[in-house]
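The values are calculated or read from the model by the stated rules, or taken from the named source; none is laboratory data. Predicted, not measured: the structure shown is a model, and the values here were computed from it. Neighbour counts run over all protein chains shown; Cβ positions are idealised from the backbone, glycine included. Heads up: the accessible areas ignore ligands, DNA and RNA and are worked out on the full protein's heavy atoms, side chains in. Shrake-Rupley method; radii C 1.70, N 1.55, O 1.52, S 1.80 Å.
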Protein chains: 2
Amino acid sequence: MIETTISPVVHVVTPKGFQACGVHAGLKRKRKDLALLVCEQLASAAAVYTTNQFQAAPIQVTKETLHASSGKIRAVLINSGNANACTGPQGLEDAYTMRDKAAEHIGVKPEEVAIASTGVIGQLLPMETLLNGIDLLEPIHEETGAESFAEAILTTDTGTKCTGVEYTEGGATVTIAGVAKGSGMIHPNMATMLGFITTDAVIAPDVLQRALKQSVDASFNSITVDGDSSTNDMVLALASGLTEMDEIIEGTPAYDCFCQALTDVCTDLAKAIARDGEGATKLIEVEVVGAKTDEAARMIAKQVVGSSLVKTAVYGQDANWGRIIAAIGASEQPIDVNHVDIRIGSQHVLMESAPVWFDEALATEEMGQDVVSIQIRLQDGTGQGQAYGCDLTYDYVKINASYRT
Amino acid sequence: MIETTISPVVHVVTPKGFQACGVHAGLKRKRKDLALLVCEQLASAAAVYTTNQFQAAPIQVTKETLHASSGKIRAVLINSGNANACTGPQGLEDAYTMRDKAAEHIGVKPEEVAIASTGVIGQLLPMETLLNGIDLLEPIHEETGAESFAEAILTTDTGTKCTGVEYTEGGATVTIAGVAKGSGMIHPNMATMLGFITTDAVIAPDVLQRALKQSVDASFNSITVDGDSSTNDMVLALASGLTEMDEIIEGTPAYDCFCQALTDVCTDLAKAIARDGEGATKLIEVEVVGAKTDEAARMIAKQVVGSSLVKTAVYGQDANWGRIIAAIGASEQPIDVNHVDIRIGSQHVLMESAPVWFDEALATEEMGQDVVSIQIRLQDGTGQGQAYGCDLTYDYVKINASYRT
């Protein structure tokens with residue numbers, strides 16, 4: 001495997017062939033709320049969607065679009081401020097209208113444009129405002145275009161979330177960039193979270209789909225902020241195919257390298273989302289080793305990082321491993337309860353399921369840092385997995401007790 | 001079925017044959033922390049326990065005790081302030097020691113005494129303090145004994161939780177009383193919650209066990225405060241058999257009446273616990289009708305009442321049905337997503353999965369009341385179920401960010 005390094009200078013228009021922009025259309029009061037990402041030629045597209053049973057209109061339209069175009073599309077249009085979810089037949093019609101208008105605006109076929117929406121549920125889109133906004137969109141290849149794009153997809157996020165990698169393998173240089181939004185309602189299956197990945201790799205849609213699925217499972221689906229999952233979540237990847245390389249085929253080193261780099265990009269975005277959980281002050285990383293399977297490890301890690309009591313304890317810098325134990329035990333994954341070790345930061349707090357002396361002052365100090373690490377060692381097998389989350393704070397309550405009104 | 005009415009004058013020593021008391025032993029700084037309930041003759045006993053995989057030492061000891069005594073015991077000893085959970089072999093030995101000392105103190109066999117503990121996890125019991133405390137216990141048949149008992153089992157609760165019913169069926173008068181503690185960590189399967197039921201009904205242990213299981217499923221297991229489940233939860237029922245009646249046999253009207261009254265007592269206690277969720281200002285009642293099965297209805301109701309976003313919206317008096325929809329959709333129970341009605345208080349907010357106009361000012365006003373009711377109507381079948389919970393507030397964070405230290 002090659003080394004991939006997250007680069008601060010790679011952004012969503014760095015991979016060859018992409019242009020982006022974001023504008024203020026008027027769905028939000030002041031901030032940017034409409035974004036467009038365009039590829040100069042048909043790109044291979046792949047997407048994963050929310051598992052919530054209520055899927056918003058834009059999700060339905062994008063699914064159909066990717067199907068109709070056999071995964072070869074030119075652009076994605078995103079609005080923030082209104083999720084166009086639970087809006088009935090009118091909402092679905094509006095979603096098609098916004099897609100078609102964007103296609104007309106950039107001169108491509110309707111089935112070559114994906115769409116996404118994020119924001120308040122249950123209100124019809126203000127279509128006149130939205131359609132007028134589309135006329136303002138002028139995607140560019142400059143970094144400022146990537147920046148305005150990243151801003152325009154935000155809702156309660158405190159900042160943009162961008163990352164990227166560049167790697168060379170077999171003589172070819174591949175760039176992968178990602179941009180995401182998400183803070184509240186972040187739970188395992190990608191709740192109220194949007195992610196857009198661009199790459200200049202040469203890869204077919206179905207191969208890209210499998211690579212994306214695997215990367216999302218190991219990254220976006222391992223974050224949890226508050227246990228809810230939303231109606232609108234989507235991660236969409238576009239591959240322009242404009243770098244000089246042989247097509248990436250599964251089962252080759254080129255594919256493995258691509259998957260690794262894609263996972264790095266997704267993980268970096270997922271952590272940025274977890275860290276930006278509504279009101280959060282800290283990123284919590286939970287690692288489980290020695291579980292029966294990787295899947296079991298990940299489920300246990302999620303249960304711990306999703307526990308309100310663990311989250312408040314981390315906020316309070318309290319090395320309260322009793323709550324960690326309670327969360328592990330409450331997970332549906334059967335474990336050997338007599339052989340559990342827990343480490344919080346550098347401190348072993350539980351060995352063989354029994355409390356051990358640890359330096360509480362040091363533990364408290366470590367829990368005051370930006371990233372709090374919890375490691376859980378079981379003796380049930382070789383499965384391992386991670387989950388990411390954030391602490392539960394006064395500000396979470398404040399933000400969510402007054403979001404809509 | 002008979003009418004049973006919750007009575008404020010029935011308490012845990014009202015059913016014939018019971019005595020109770022609570023004292024300050026020193027496990028907590030100032031408040032009462034040790035409680036004893038005694039029956040003047042061998043009582044039929046039944047219990048249900050936490051589903052957390054880590055079961056605390058007192059749970060293990062009580063299970064074994066009820067087994068050894070074939071469900072005929074004389075007393076239960078409870079301490080608060082220390083859960084004696086995750087305390088290894090020493091913790092188990094301590095649990096037996098406290099049981100045996102209590103048995104000696106009241107002059108019965110060790111296997112005739114159940115025990116329970118609640119409080120901080122992972123610290124050994126201060127045995128000298130505890131054993132000295134047992135010597136102070138003088139259970140009485142007076143109401144003051146019931147009151148001190150109810151106080152001594154509390155942890156972060158803001159008040160005692162007691163209830164009771166008296167009913168007459170087939171010429172016999174039966175009294176059932178209940179006392180409970182619980183506020184934090186309350187999730188479906190009875191997390192950090194203790195309940196003690198006394199009755200003078202004539203009923204065999206195995207019949208009582210089935211009646212209790214059924215009542216707990218419909219009550220205690222329908223409450224959720226924060227999604228965690230604890231290591232120490234237990235509901236224990238004791239039947240003295242001292243009222244004048246024929247023995248209660250399953251499949252008879254006498255059994256049905258008893259079950260109904262027991263469920264009423266358990267539901268009343270469960271609501272009191274939900275209402276007293278840490279930092280809570282309101283009780284949330286979610287009712288689901290039209291689900292595929294009763295079980296599905298209850299699961300969906302729990303998902304809604306357990307959603308942090310719903311809980312904060314209720315705190316903020318925001319009729320944000322989008323979060324309710326998101327929670328319903330996130331449950332694992334498949335539903336017909338196109339035919340969902342939601343009512344918040346008196347206001348229909350969603351009909352056939354589409355938003356309808358409602359009086360937001362009135363909705364906000366209603367959500368300011370002590371009890372907020374959410375009704376969900378599906379079109380998937382005839383299943384129905386309820387769940388109870390509370391809002392998520394600043395004080396929840398405050399209490400839990402600083403509980404242990």
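Check whether at least one residue in region A:39-55 is among the charged types (D, E, K, R), under 21 Å from the mean Cα position of the chain (by Cα) and open to solvent by 10 Å² or more (accessible area, probe 1.4 Å), and report yes or no. No, region A:39-55 has no match at all.
Counting only residues that are away from chain B (no Cβ under 14 Å) and surrounded by 24 or more Cβ atoms within 10 Å (Cβ to Cβ), which one in region A:285-316 is nearest to A:C390 (Cα to Cα)? Explain how you work it out, then say what you get.
In the first step, residues of region A:285-316 are kept if they are away from chain B (no Cβ under 14 Å); the result is A:285-290, A:293-295, A:297-298, A:301.
Those left that are additionally surrounded by 24 or more Cβ atoms within 10 Å (Cβ to Cβ): A:286, A:288, A:297-298, A:301.
Numbers: A:V286: 11, A:V288: 17, A:A297: 19, A:R298: 16, A:A301: 13 Å.
Out of the qualifying residues, it is A:V286.
Scanning region A:148-159 for residues that are open to solvent by 70 Å² or more (accessible area, probe 1.4 Å) and at pLDDT 90 or above returns a single hit, A:E151. Report the residue count in region A:376-404 for those that are open to solvent by less than 40 Å² (accessible area, probe 1.4 Å), assigned to a helix (DSSP H, G or I) and either touching a strand residue (DSSP E or B) at 6+ places or on another chain (Cβ under 6 Å) or not hydroxyl-bearing (S, T, Y) (or both). Of the residues in region A:376-404, 2 are open to solvent by less than 40 Å² (accessible area, probe 1.4 Å), assigned to a helix (DSSP H, G or I) and either touching a strand residue (DSSP E or B) at 6+ places or on another chain (Cβ under 6 Å) or not hydroxyl-bearing (S, T, Y) (or both). Reported count of residues in region A:333-351, each being part of a loop (DSSP other than H, G, I, E, B) and either at pLDDT 90 or above or surrounded by fewer than 18 Cβ atoms within 10 Å (Cβ to Cβ) (or both), is 9. Out of region A:364-395, which residues are among the β-branched types (V, I, T) and within 14 Å of another protein chain (Cβ to nearest Cβ)? A:T364, A:V372, A:I376, A:T393 - these are the residues of region A:364-395 that are among the β-branched types (V, I, T) and within 14 Å of another protein chain (Cβ to nearest Cβ). Which is of a type in the set (G, A, S), over 30 Å from the mean Cα position of the chain (by Cα), surrounded by fewer than 20 Cβ atoms within 10 Å (Cβ to Cβ) and facing chain A (nearest Cβ under 8 Å), of B:A361, B:A354? Among B:A361, B:A354, only B:A354 is of a type in the set (G, A, S), over 30 Å from the mean Cα position of the chain (by Cα), surrounded by fewer than 20 Cβ atoms within 10 Å (Cβ to Cβ) and facing chain A (nearest Cβ under 8 Å).
Every test in (1) within 14 Å of chain B (Cβ to nearest Cβ); (2) crowded, with 19+ Cβ neighbours inside 10 Å is passed by A:V120 save one, and that test is (2). Are any residues in region B:115-147 in a loop (DSSP other than H, G, I, E, B), of a type in the set (A, V, I, L, M, F, W, C) and at pLDDT 95 or above, and if so, which ones? Correct list: B:L125, B:L136, B:L137. So the check is Cβ under 6 Å with 6+ separation or different chains; which pairs have a first residue in region A:152-175 that's in a loop (DSSP other than H, G, I, E, B) and a second one that's open to solvent by 40 Å² or more (accessible area, probe 1.4 Å)? So the pair list comes out as A:T160/A:E151.
Within region A:253-266, can one find any residue that is open to solvent by 20 Å² or more (accessible area, probe 1.4 Å), among the hydrophobic types (A, V, I, L, M, F, W, C) and part of a loop (DSSP other than H, G, I, E, B)? So far as region A:253-266 goes, no, none of its residues is open to solvent by 20 Å² or more (accessible area, probe 1.4 Å), among the hydrophobic types (A, V, I, L, M, F, W, C) and part of a loop (DSSP other than H, G, I, E, B).
Failed condition for B:I399, given (1) β-branched (V, I, T); (2) more than 9 Å from chain A (Cβ to nearest Cβ); (3) within 24 Å of the chain's Cα centre (by Cα), with all others met? Failed condition: (2).
I'd like the full set of residues that are among the small types (G, A, S) and assigned to a loop (DSSP other than H, G, I, E, B), limited to region B:73-88. Scanning region B:73-88 gives B:A83, B:A85. Residues that are surrounded by fewer than 24 Cβ atoms within 10 Å (Cβ to Cβ), in contact with a helix residue (DSSP H, G or I) (Cβ under 7 Å, 6 or more places away or on another chain) and outside any helix (DSSP H, G or I) within region B:89-114 comprise just one, B:K109.
When A:S70 is evaluated against the numbered criteria (1) surrounded by 17 or more Cβ atoms within 10 Å (Cβ to Cβ); (2) not in a helix (DSSP H, G or I), which criterion, by number, is the only one it fails? Evaluating A:S70 over (1) surrounded by 17 or more Cβ atoms within 10 Å (Cβ to Cβ); (2) not in a helix (DSSP H, G or I) leaves (1) as the failure.
For region A:5-30, the tally of residues that are modelled with pLDDT of 95 or more and open to solvent by 70 Å² or more (accessible area, probe 1.4 Å) stands at 3. Any residue at all in region B:309-319 that is under 29 Å from A:Q90 (Cα atoms) and charged (D, E, K, R)? The answer is yes; a qualifying residue exists. Taken over region A:1-44, residues that are in contact with a Pro (Cβ under 6 Å, 6 or more places away or on another chain) and among the small types (G, A, S) amount to 2. Which residues, counting only those in region A:49-90, are in contact with a Ser or Thr (Cβ under 8 Å, 6 or more places away or on another chain), under 20 Å from B:G329 (Cα atoms) and away from chain B (no Cβ under 14 Å)? If the condition is that a residue be in contact with a Ser or Thr (Cβ under 8 Å, 6 or more places away or on another chain), under 20 Å from B:G329 (Cα atoms) and away from chain B (no Cβ under 14 Å), then A:P58 is the only one that fits.
Checking the condition farther than 24 Å from A:L269 by Cα and within 24 Å of the chain's Cα centre (by Cα), which residue from A:S308, A:S331 passes? Step through it out loud before you land on a result.
Values: A:S308 fails: farther than 24 Å from A:L269 by Cα.
Of A:S308, A:S331, the one residue that is farther than 24 Å from A:L269 by Cα and within 24 Å of the chain's Cα centre (by Cα) is A:S331.
Among the residues of region B:355-375, those identified as in a helix (DSSP H, G or I) and either modelled with pLDDT of 90 or more or within 26 Å of B:G385 (Cα to Cα) (or both) are B:A361, B:L362, B:A363, B:T364, B:E365, B:E366.
Have a look at A:V372, A:V397, A:V356, A:V340 and point out the one that is among the β-branched types (V, I, T) and without any contact (Cβ under 8 Å) to a residue 24 or more places away in the chain. Being among the β-branched types (V, I, T) and without any contact (Cβ under 8 Å) to a residue 24 or more places away in the chain holds for just one of A:V372, A:V397, A:V356, A:V340, which is A:V356. Would you mind stating whether B:R323 is of a type in the set (D, E, K, R), touching a helix residue (DSSP H, G or I) at 6+ places or on another chain (Cβ under 9 Å) and more than 24 Å from A:G119 (Cβ to Cβ)? Criteria not met by B:R323.
Say whether the condition of being among the charged types (D, E, K, R), in a helix (DSSP H, G or I) and either open to solvent by 40 Å² or more (accessible area, probe 1.4 Å) or more than 27 Å from A:S183 (Cα to Cα) (or both) is met by at least one residue in region A:322-329. Checked region A:322-329: no residue is among the charged types (D, E, K, R), in a helix (DSSP H, G or I) and either open to solvent by 40 Å² or more (accessible area, probe 1.4 Å) or more than 27 Å from A:S183 (Cα to Cα) (or both).
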